[in-house]
Each structure stands twice: as C-alpha cells, then as structure tokens.
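Here's a structure for you.
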Amino acid sequence: MRNLKNYINFCKKFHKSYLPRLKFKELNERYSQLYRKLYQIDKDDVNRASFMVCIFSFSISLLISILIIKLNILIIILYSVIFGLLLSYRFNFIIYHDINKKEVEINAMLYLIKLDFSLIKKTLKANSDFYLSFIRLIKEYQLPILNHFKHILVKIHEGEIPENELMRIITPSRDFNQYLKNLLINNFDDTYSLDEPTETTLEKNFKIYLKEIQSKISIIFFIGVFFPIGLCFLILFQLVNIITLIVLIPFFLIILNYLCRKFIRINTYMIGVLNDYSGVEKKKFNEFLLFLNGFAANLKNNLSPEKAFLKSYSQNKNLFIVLERTIKNQLSRLLNFNCSFHDMIQYFKLELNSTRYIVILDLIEKFVTENPYYSTEKIFEILHILHNHQKLERKLEIIIKGEKFKIFFFIFLLPILIGAISGMFPFFILMTRNINSITPAILFDYNNLMNFYYILLIFIVFTSSISITSNNFLKVIKYRKKSLIIFISNLIFILTFISSFINTINFI
C-alpha cells in the first residue's frame, strides 16, 4: 500500500506538465472513474509519468551498454528502446492491475455475501433497517472495500442517510456494483434465485481460460522445442559466439518461466477450484464437502449443531481417510472437554489451516448461530456453488491430461534430435574449411574453434536448454516427479550426442 501511495505521488508530479502521454491501452470510462474515485489520480498523469520512465530507462540502458558492451550502436539502441517500453508498460498498468486484483477478490466473496444477506433478511422484521444491516455485513468481510463501508458507517452516525451514501459508492467489482444497484432499486426487497445462480464474472473468465489454454500450451511447446533446435543450427553454422551462448540460456529460462506463469497459472479466486489436479489436497477437499453435506442433512432433521456434527461423521466414517484424524480431534474436544460449537469450529479451522476452509466454516458457523432453521438451506447452496466450481475444474483437468502424451513425446524426442544434430558439429566445420588440410587431430587443437573446451560449452548449453524445456513442460501437466524425467531426458541427450559425435569423427 505504501509503494502504491509513492507511485501515485510520483505520477501526480506530472499533472500540470506538457509531456507527451504514453498510452498502452485505451481505458474506458469505468476505469477512468475508478482512477479518480479510488486513487485520486487522472489516467493522463499516469501516461505522462510512463513516458518519463520510458525515456529515463532508455537513456540508462543506452549509456551503460555503450560504456560496457562492445556492440553495434543500432543493436544497442534497439534493445534499449525495447527495455524502456517494457519497463514503462509495467509501470503504466500498476493501478490497472490493482483494480483487477481487487475486483477478483470481491467477486470471490460476492456469492457468499448474497447468501449471508439473504439469511439476514429472513431473520429481520419487515420494518428493519436493511441498509444499515447490509453495511454492517460488509464490514465483517475482509475485502478491499472494507474501508469504504467503515467510512459510510461513520457518515451515518454523523447523520447522513444510508441510502444516499450507498448510492454514491463505487467499487472495483462490476458484479458487486450491479448487486448493490439492484438492492437499492428494489429497496432491499428483491429476491434472488440462489438455487439457480447467474453466472459470475469469475466463472465466465474461467470458461474463457478453458477455451484459451490449448493455444497457450501450443505457444509454450513451440518456444520450448524450437529454441534449442534453432540454437543448435546457429552454433553449427557459427552464427553465435561463446558470450552470446552464455547469455541466451538464462534468457531462455526467463522467457519460458514467464510464459508458464502467465499462461498456465490459474489466476482465479473461485473458492471451489484447488489449482491441483492430484494429491492429498484434492481428496481432503472432497471429504470436507462430503462431511458438510451430511452435516447440513442432519441439521435439516432438527438436530443440534453438535449432534449433527457427530452424526455426520458416524454415518460416513468409512469414507474419511485424509480428514479422519482431524474430525476425530474435534469430536474428542466436543465430547470430552465440553467445549462449545464455536470453540470446536475454531479448532477445526486451525487444523485445516487454509483460507478456503476458514471462509466456508466461518460462514457456516454464522448461519447456524443466526438462524439454525434456515442454515441447512444456505449450506446446501454453498455446496451447490462449490460443485459447480469443481465441474469447471474437471474440464480443465481433462484438457491438461489430454496434453500429457504430447508433452512426454517432445520431452524424449527433443534430446534425440539435438544430440544427433549437435554431434555432427565437426562435419559442418569441415564444410567451411579446406577439407584436404584437415585431419581429425586438428579438431582438438587448442587454437581451433573445435577444441575440447568449446565442445564442453556446447554440451553444457544444450543440457541446460533440455533441462529447462523438460522442467517447464512438466509444470504444464503438474507432474510431480520432475527430477527423474529430466534426468532421463538428459541421459538420452548425452548418449545421442556422444554416439553422433564419435560417428562423425570416424567419418572424417
């Protein structure tokens, strides 16, 4: 937050200047309004500051390169311009990305807020102050808009009308704004069909991600496969020197890691999506949902929360494997230490130790405390939305598993191709020299290009590139035993390289 404040103060310094504005994206009126309302800054100030960052970073890169690196001036200018544009691009979108991040966080909790508020409306009398109840409800959630609602509450205590204060509020979330707008229009008396909830922005974005994922994986495949092969031919035809080779490997590592992080990572806050296609965590979450389903069903039979908790375990105890010990610990506290349902839930959250479980358990405890009669209905609605999220996750899992064969095929084919091509290096050297004056012994002359140290460097470069490719390919399919596969891939390359190299030497 402090860094963001310094960023805003820096941009504001160019408010009255006549500097050119460097725009990378045309922001619509909504974002322009959010810039002014939430950050007290105009988008043009950010664009002017971005221009200054671009000029400054370009100048620094140009000056350092001229003093240290002996390259053609046009090449230095080219990558200095690229460096300046990239840095200013990241600078320009700091507030934009902050807005999107806050929107995702709010949207992740919005459905739970709707459930919570619908339960509150059922427990309140018809003449109750729903405006104030809604404001107090939002205050209980750790959301980016928390401070705005705290400020509204202060204004209400000073005599302001709650309805007017809520009408003036603007949040980063379009879904939340629409929800609040509908509440205000209908005087907080609208009824949402929560049994068939409308599709949220988070779910829409996830479906878009599912449509794009195969194309993004193909881009990673293309770069991961053709970079080492292209590098191989550059070396064979002597188009790169040793320094360039050393620089290209970390560059390749950074590019491929960035693409995997940008394309494959699921940037979702959907509470039912685990980002984990296998392992204990998935079993743990499924057992947790099974337990909640039994708990809600027992509450429906007018049992107390404590008895419903106990019966939910006893009815399905053979199905609990990962959570068996955790649930037994809570039952032991409940039966032997005579602790309350609230205390037991607190211990349960500590043992589960995950934000996902904490949010769900907090809400369930609140439902049970506020209105045990309606809590069953609300718990089933939570389970319904979690199951919808799991359906979307299963679609992603199917797509990723469908790429496994392609990934393993390239992981084991790539070292064979590179090993065979790089092992023929002496043959290509002969093509550029007088074949009658070359003997196999000259290949290992210290002053010759093909000396032992150069061969060793080539070997290290290609081993590194194969390791980087294999590691990132395995990240795509969430494969856990990466070390073994990378070792096998490198071993194939070593054997192919040595075999090809020896055959080439014998041919010469």
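Using a basic spin-label model with each label point 7 Å from the Cα along Cα→Cβ, how many nm lie between K181 and T355?
2.8 nm
Could you name the lysines in cross-link range of K307, using Cα to Cα under 26 Å and dropping any fewer than eight places away on the same chain?
Within the straight-line cut-off, K307 pairs with K122, K283, K284, K317, K328, K349, K366, K378.
Relative contact order for the chain using alpha-carbon pairs under 8 Å, separation at least 6, rounded to a whole percent?
Relative contact order for the chain comes out at 14 percent.
Subtracting the Cα-Cα distance from 0.36 nm times the residue separation, let me have the gained length for I68 to L417 in nm, one decimal.
Extra length from I68 to L417 when fully extended: 121.9 nm.
Might you tell me the accessible area per residue for the chain, computed with a 1.4 Å probe and given in Å²?
Accessible area per residue: 55 Å².
Normalised radius of gyration for segment 291-419, please: alpha carbon Rg relative to 2.2 N^0.38 Å, two decimal places.
Expressed relative to 2.2 N^0.38 Å, the Cα Rg reads 1.49.
Sorted by packing (mean other beta-carbon atoms within 10 Å per residue), highest first, where do 204-212, 306-314 land?
The most tightly packed comes first, giving 306-314, 204-212.
When the accessible area of the chain is computed with all protein chains present and a 1.4 Å probe, what percentage of it is carbon and sulfur?
61 percent
Same structure again: As I understand it, the value is the acute angle between the Cα axis of helix 355-370 and the longest principal axis of the Cα atoms of the chain; what does it come to in degrees, rounded to 10?
10 degrees
Under the rule of -39500 (n - 2.57) per DSSP H run of 4 or more residues, summed and divided by the residues of the chain, what mean residue ellipticity at 222 nm is obtained, to the nearest 500 deg cm²/dmol?
Dividing the helical sum by the residues of the chain leaves -25500 deg cm²/dmol.
A further question follows. How charged is the neighbourhood of L34? Take every other residue with its Cβ under 12 Å from the Cβ of L34, and add Lys/Arg as +1 and Asp/Glu as -1.
Cβ neighbours under 12 Å give a net charge of +2.
How far is the Cα center of segment 263-342 from the Cα center of segment 106-152, in Å?
26 Å
Here's another thing I want to ask about it. Which length gain, in nm to one decimal place, applies between F237 and I77 when the Cα-Cα distance is subtracted from 0.36 nm times their residue separation?
54.9 nm
Still on this structure: Return the distance in nm (one decimal) between the two label points of a simple spin-label model at Y18 and V154, each offset 7 Å from Cα along Cα→Cβ.
Taking the simple label geometry, Y18 and V154 are separated by 4.1 nm.
For the Cα atoms of the chain, what angle does the longest principal axis make with the long axis of helix 130-139, in degrees from 0 to 90, nearest 10?
Between helix and principal axis, roughly 40 degrees.
Follow-up. Could you name the aspartates and glutamates in cross-link range of K43, using Cα to Cα under 13 Å and dropping any fewer than eight places away on the same chain?
K43 reaches E26, E29.
Further question on the same structure: Spin-label point model (7 Å from Cα, Cβ direction): what's the N301 to K5 distance in nm?
Here the answer is 5.6 nm between the modelled labels.
At 1.4 Å probe size, with no ligands or nucleic acids counted, give the accessible surface of H97 in Å², nearest ten.
Its accessible surface works out to 100 Å², give or take rounding.
Among the GluC sites (Glu not before Pro) in segment 14-105, which ones are in a DSSP loop with at most 15 other Cβ atoms within 10 Å of the Cβ? Mind listing them?
When the GluC sites (Glu not before Pro) of segment 14-105 are filtered for loop state and at most 15 Cβ neighbours within 10 Å, E26 remain.
Moving on to the next point. If you take the C-alpha gyration tensor of the chain, multiply each eigenvalue by 5 and take the square root, what semi-axes do you get, largest first, in whole Å?
57, 35, 16
Between D44 and L495, what length comes free when the chain is fully extended (0.36 nm per residue of separation minus the Cα-Cα distance, one decimal in nm)?
So the extension gain works out to 156.4 nm.
The values are calculated or read from the model by the stated rules, or taken from the named source; none is laboratory data. Every value quoted in this text rests on a predicted model; they were computed, and no experiment measured them. Note that we place each Cβ from the backbone using ideal geometry, even for glycine, and neighbour counts take in every protein chain shown. Just so you know, the surface numbers come from the protein's heavy atoms only, side chains and all, with ligands and any DNA or RNA stripped out. Shrake-Rupley method; radii C 1.70, N 1.55, O 1.52, S 1.80 Å.
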